[in-house]
Amino acid sequence: MPRTLAAFLALLAFAGVAVCAPPAESKLPTAAEYMSQPGNDPSPPGTLSWQVLAQVKTVQRADKSFGPEYTKEIKALDRKDVKLYGFMMPLDQSAKQKRFLLTPFPPHCSFCTPGGPEAIIEVIADKAFDFTYEPIVVSGTLAVLDDDIVYYRVNHAVPSKP
């Protein structure tokens, strides 16, 4: 993975803890908890449900590192063509984005992701997307990742309709 993405995600994680984290006594649900409740999945018909992707669990491995533990349903999506609905989080300061993050909810802070690794998909497009604050639908090949800073990546992404 390019170092710029790793550095950016590390900065987001740091800022999320330092600036955007709710108070310890807060009972706000995580993005995965929120999406698991009936009626809270933002995915329109015809797109892969964020509720499915949110079923991943982060677990401690035998070597003391942390990583994803996927359901059979998620593993079956690896290398499959999918459509995803979400909001663009740019990784470059440009009107055109060939590589960006997709999240189920609009970003509320420039330094905070609207969820954990279950709510972030790295998108790599063959042709640049126009940057927008509006929700988008992306089609491409989903990669379910075991040893990366993100859990999901969509390769050969193109703009789509639900």
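No lab work stands behind these numbers, since they all come straight from the coordinates. Not measured: the values here are computed from a predicted model. Here the Cβ positions follow ideal geometry from the backbone for every residue, glycine too, while neighbour counts run over all protein chains shown.
The amide H of PHE131, built 1.01 Å from its N in the peptide plane, has LYS96, GLN97 as neighbours under 5 Å, considering only residues 5 or more places off or on other chains. Sorting the segments 111-121, 62-72 by their residues' average number of neighbouring beta-carbon atoms within 10 angstrom, most packed first, yields 111-121, 62-72. Computed on the stretch 103-155, the Cα convex hull volume stands at 95 Å³ per residue. Rounded, prolate or oblate for the stretch 39-162? Axes are the square roots of the Cα gyration tensor eigenvalues, ordered a ≥ b ≥ c, and the cut-off for rounded is a/c under 1.5. It is prolate, given that a/c is not under 1.5 and a/b is the larger ratio. Measuring against 26 Å, Cα to Cα, the residue pairs LYS57/LYS83; LYS75/LYS96; LYS57/LYS161; LYS57/LYS127; LYS80/LYS127 contain LYS75/LYS96; LYS57/LYS161; LYS57/LYS127 as the ones spanning a longer distance. Backbone phi angles across the stretch 114-120, fed through the Karplus curve with coefficients 6.51, -1.76 and 1.60 (θ = phi - 60°), yield HN-Hα couplings of x, x, x, x, 6, 10, 9 Hz in residue order; Gly and Pro are listed as x. Each residue of the stretch 70-82 was assigned a 3J(HN,Hα) from its phi angle through the Karplus expression (A = 6.51, B = -1.76, C = 1.60, θ = phi - 60°), giving 8, 6, 4, 4, 5, 4, 5, 7, 4, 6, 9, 6, 9 Hz with x at Gly and Pro. Applied to the stretch 148-153, the Karplus parametrisation 6.51 cos²θ - 1.76 cosθ + 1.60 on θ = phi - 60° returns per-residue 3J(HN,Hα) values of 9, 6, 10, 8, 9, 9 Hz, with x for Gly and Pro.
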